[in-house]
Amino acid sequence: MKPDGTPARPILYRQLTLRLMIPLVLIVAVVGAVGLLSTGAETSTVFDRWLLDAAVSLADQVRSGSGGSANAVDLPEAARTMLAYDEIDRTWFSVEDRGRVLIGNAGIPSSGRNAATYTDGRTFDAVYGGAPVRVAAVGAPCAGCEHVVVLVAETMLKRQRANRVVVWLLAPLALMLVVTCSAIFFAIRRTVRPLEALAEQWNRQAHASLAPIPEDGLPHELSPFATALNDLLSRIRGILVRERMFAAAAAHQLRTPLTALRLGMARARNSPDLESTRAVLDELAQVTQHTGRLVQQLMLLGRLDPEARGDIDRAPVDLRDVARDVCGLFAEVALEQHVDLELQVPGTPVVVVAQSELLVEALANLIDNALKSAGRKGQVLVAVIASPPSLRICDNGPGIRPSERKLIFERYARGTRPRWEGTGLGLAIVQDVATLHGATVTITDGELGGACFSFEFAVSGSP
């Protein structure tokens, strides 16, 4: 957590190191623990068997008394010495009958902790003579010896030494763990280093230029990342180019009407009479109207960013309502020019998911161009098509040459035969609106004899 309360960003090589090392440590720890426990249990069993074998051999020497006499143990002195001898541990033994020691050392415990039961006896931990011992207890096999118990006790030095040996045998596993973790750490650092170098180069270069980052020497896995960064840089360069072109074009387009306004005001000021002044003011009104339209379209072009296709607010829109509203706006202009403005809509809704204000602006530009192309007493047809969802605007004007049908969608392009004054931005706006909505704009020869524009939505754009 950072001092300002925001969560700290994760470090890639640290996350990779932890994700690889934690399972490795757990696996080694489990393997080591299982190996230590199983080896210790097996070692303890082996030592218990040796101790039980000595106790069974001693029990075989017990003889039952005849004629009611007490049980006895036939154990020569040499056997007794061999039984008690051990190079490392001390050994004690006793043969007891109902608590009475027949032979051996008195006081050897007959029960204790960590007991283990075998087919021929049992073993357990106890303390004898102030030292921890392992005791084996077996019964005598002779008849009438049911109450005889043979006990053999041994200190645990050999067992402790064997356990230490087992631990040392597992020490290479711990060393291997340390070496493996170190190798993983350095491997991850070396693997992440090209990514860090790429990020460093990005940070260093981003402040100086937007040139592509060289992909030479990058691992294959990082190539998509570098390609994505270069694509982003390319898009940013494209945006900046469009912004510079837009600023330059706006300045160029506004310079002419502003100059006309300045010169017109000078002419009005120097006009010899009121009638001349009014004529100049009428010209200035037309220039002002043209300038207002130009500014409006420049502002709209500034909003239409193809990169922001997913950012515009969309809602279900009935194309019939859009067509009715826009045709209503141009009804008075059509009547004034005696143009037959016809609207054809289907009986069922034609709904698309779109931004209605942008659709209105695009359709208004198309109808405005159609009215100007048709001229006085001309014909303009606006049709809404249900499948695929589209708008068609046709006129009976001179049409558009096939060679110019792509060119006229460029900004400030007006064709080789312009019949009216315009900004050269209307069809560029239409094209940008279509791009933002995933639609297409095409030009064909219409049924009225002139050009026919089709603003067609993809089927997926319908709700």
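The values are calculated or read from the model by the stated rules, or taken from the named source; none is laboratory data. Since this is a predicted model, take the numbers as computed values, not measurements. Here the Cβ positions follow ideal geometry from the backbone for every residue, glycine too, while neighbour counts run over all protein chains shown. With ligands, DNA and RNA removed, areas are computed over all heavy atoms of the protein, side chains included. Shrake-Rupley method; radii C 1.70, N 1.55, O 1.52, S 1.80 Å.
Collect residues whose amide H, placed 1.01 Å from N in the peptide plane, falls under 5 Å from the amide H of residue 133; neighbours closer than 5 in sequence don't count.
126, 127, 128
Compute the distance in nm between two label points, each set 7 Å from the Cα along the Cα-to-Cβ direction, one at residue 335 and one at residue 131.
It works out to 12.6 nm between the two label points.
Can you send over the solvent-accessible area of residue 405, 1.4 Å probe, protein chains only, in Å² to the nearest 10?
Its heavy atoms expose roughly 50 Å² to the probe.
Give the peptides 35-41, 113-119 in descending order of average Cβ contacts within 10 Å, highest first.
35-41, 113-119
I need the calculated FRET efficiency for the pair residue 191 and residue 30, taking r as the beta carbon distance and R₀ as 22 Å, to the nearest 0.05.
After rounding, the FRET efficiency stands at 0.20.
Set the Förster radius R0 to 25 Å, insert the Cβ-Cβ distance between residue 228 and residue 19 as r into 1/(1 + (r/R0)^6), and round the FRET efficiency to 0.05.
About 0.55, to the nearest 0.05.
Could you work out the percent of alpha carbon pairs in region 17-159 separated by over 25 Å, rounded to a whole number?
37 percent
Take each of the peptides 162-170, 358-366, average the number of other beta-carbon atoms within 10 Å over its residues, and list them starting from the highest.
Descending packing order for the listed peptides: 358-366, 162-170.
What does the charge count near residue 325 come to, summing +1 for each Lys or Arg and -1 for each Asp or Glu among other residues with Cβ under 15 Å from its Cβ?
Combined, the nearby Lys, Arg, Asp and Glu give -4.
Across 5 Å bins from 0, what is the distribution of all Cα-Cα pair distances for region 331-389, in whole percents?
The percentages, shortest bin first, are 4, 16, 23, 22, 17, 12, 5, 0.
Given points 7 Å out from each Cα along the Cα-Cβ axis, report the residue 173 to residue 281 separation in nanometres with one decimal.
10.3 nm
Quote to one decimal, in nm, the extra length available between residue 166 and residue 57 on full extension: 0.36 nm per residue of separation minus the C-alpha distance between them.
That works out to 36.2 nm of additional length.
Can you list the residues, at least 5 places off or on another chain, whose amide H is less than 5 Å from the amide H of residue 399, using H built in the peptide plane?
451
List the aspartates and glutamates whose Cα sits under 15 Å from the Cα of residue 406, skipping any in the same chain fewer than 8 residues away.
432, 445
Roughly how many nanometres apart are two label points built 7 Å out from the Cα toward the Cβ at residue 403 and residue 444?
It is 2.4 nm.
Each residue of region 178-195 in order: what ³J(HN,Hα) in whole Hz does its phi give by Karplus 6.51 cos²θ - 1.76 cosθ + 1.60, θ = phi - 60°, with x for Gly and Pro?
3J(HN,Hα) across region 178-195, in whole Hz: 5, 5, 5, 5, 5, 5, 5, 4, 5, 5, 5, 4, 5, 6, 7, 4, x, 5.
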